[in-house]
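Reviewing the structure listed below.
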Amino acid sequence: MSDPRDKEDFFEKVFAVVREIPPGRVTSYGAIAKFLGSGGSARTVGWAMNLSHQVSIPVPAHRVVNRNGQLTGKHHFSDANEMQNRLEVEGIVVEEDQIQNFKSHYWDPQIELGL
DNA sequence: CGATTGACACCAA
DNA sequence: ATTGGTGCCAATC
């Protein structure tokens, strides 16, 4: 339909998936983008995370990292240590902005959500 | 309206 | 394995 909310729906989906990420788990932008059907719009997912600071719903953006498991977006948090600290609290080991044992902590929406 | 940027990902050398 | 360049989508200037 002509509802302009169709575009907002994309962000809503991103937030919904990120909110479904269980503690102690992490996922990648590309995985979410692909799960939404956007294909290679991994960058657009990053934009959604940027807006996540303005939405009324708490979005655990710290659980979303790039496919390398690197905390590329920690700089966008209130504090640079905020992202790493939250991950460590949930039992994730982070060294030099790089998640250790990333693959073991990886959370795939296509699988975990039962697709 | 056109050009640039941005929390990524993939391919080629 | 590492580096560089390109593609995708949306927002901002």
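All of the numbers you see were taken from the coordinates with simple rules; none came from a lab. Small disclaimer: the values here were computed from a predicted structure and weren't measured. Ideal geometry is used to build each Cβ from the backbone, glycine not excepted, and the neighbour counts take in all protein chains shown.
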Q: Please specify each residue of the range A:36-88 satisfying the condition of being within 12 Å of A:Val26 (Cβ to Cβ), more than 8 Å from DNA strand B (Cβ to nearest atom) and touching a residue at least 40 places away in the same chain (Cβ under 8 Å).
A: A:Pro60, A:Arg63, A:Gly69, A:Leu87
Q. Do we have any residue at all in the range A:63-80 that's under 11 Å from the mean Cα position of the chain (by Cα), in a helix (DSSP H, G or I) and surrounded by 17 or more Cβ atoms within 10 Å (Cβ to Cβ)?
A. yes
(Q) Considering only the range A:21-34, I want to know if a residue exists there that is crowded, with 18+ Cβ neighbours inside 10 Å, assigned to a loop (DSSP other than H, G, I, E, B) and among the β-branched types (Val, Ile, Thr). (A) yes
Q.
Taking the condition of being more than 6 Å from DNA strand B (Cβ to nearest atom) and either closer than 17 Å to A:Ala61 by Cα or hydroxyl-bearing (Ser, Thr, Tyr) (or both), how many residues in the range A:26-35 meet it?
A. 6
Q: Tell me which of these A:Ser104 doesn't satisfy, since it passes every other one: (1) more than 26 Å from A:Phe10 (Cα to Cα); (2) among the hydroxyl-bearing types (Ser, Thr, Tyr); (3) touching a Phe, Trp or Tyr at 6+ places or on another chain (Cβ under 8 Å).
A: (3)
